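Here the structure comes first, spelled out in structure tokens, and everything after it is commentary.
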């Protein structure tokens, strides 16, 4: 009986930690899904909705800046490892993690800058940029490549991979049930088809934030392994 209570208590603790660490990400996903449905069935002219997206986008920008600062302290810790010839495997992993993260950050920033020059409610340009020109597909490919790279490093064992996979925000999973209801054929259409510019800017900032938080998570694990393997 006591064991059962302890297990339940531990599970509740895990749930509390999950919401503490991922609450804002889950909230953003819910906001995006609900608002996407709104924009599909209504005209994208609601100023309050636009303002909500601006607030969320600004919040994500602040969060990304803080995450980058946190990651900088991790980069400093890796300096001795990069200069140690016996740690080449960890040095290579470190460089690979940073490379795929930088790709996402640079690309999402460049797309967001283009969209910021348009009207907040402009969805026609979004369709052209993200669907017709294929930038939406490339964003997806960058996310898939980054996740696979981070989880596929040769330094990991099964426990490491499982730990990271369960905590990494960077993913292309989406609500396929909702997508089907909205007649969206794939990930790209679900996120970008007839979605206003301000919503896509917010989404791009989310992808950037997911990449940076995943980078920090993976670098922390990598540092732990590198320092316990003298």
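Specify whether the C-alpha gyration tensor of segment 66-176 places it in the rounded, prolate or oblate class, a ≥ b ≥ c being the square roots of the eigenvalues: rounded for a/c under 1.5, otherwise prolate if a/b is larger than b/c and oblate if not. It is prolate, given that a/c is not under 1.5 and a/b is the larger ratio. Put a dot 7 Å past the Cα of residue 225, heading toward its Cβ, do the same for residue 159, and the two dots end up 1.2 nm apart.
Note on residue 65/residue 117: beta-carbon distance plugged into 1/(1 + (r/R0)^6) with R0 of 22 Å gives a FRET efficiency of 0.50. Look at the alpha carbon pairs under 8 Å that are at least 6 residues apart: their mean separation over the length of segment 55-176 gives a relative contact order of 26 percent. Full extension of the chain between residue 82 and residue 167 yields a length gain of 28.0 nm, computed as 0.36 nm times the residue separation minus the alpha carbon distance.
Since every read-out is calculated from the coordinates, none of them should be taken as a lab result. The shown structure was predicted, so the numbers you read here are calculated from the model rather than taken from an experiment. Reconstructed Cβ throughout: ideal geometry from the backbone, glycine too, with neighbour counts over all protein chains shown.
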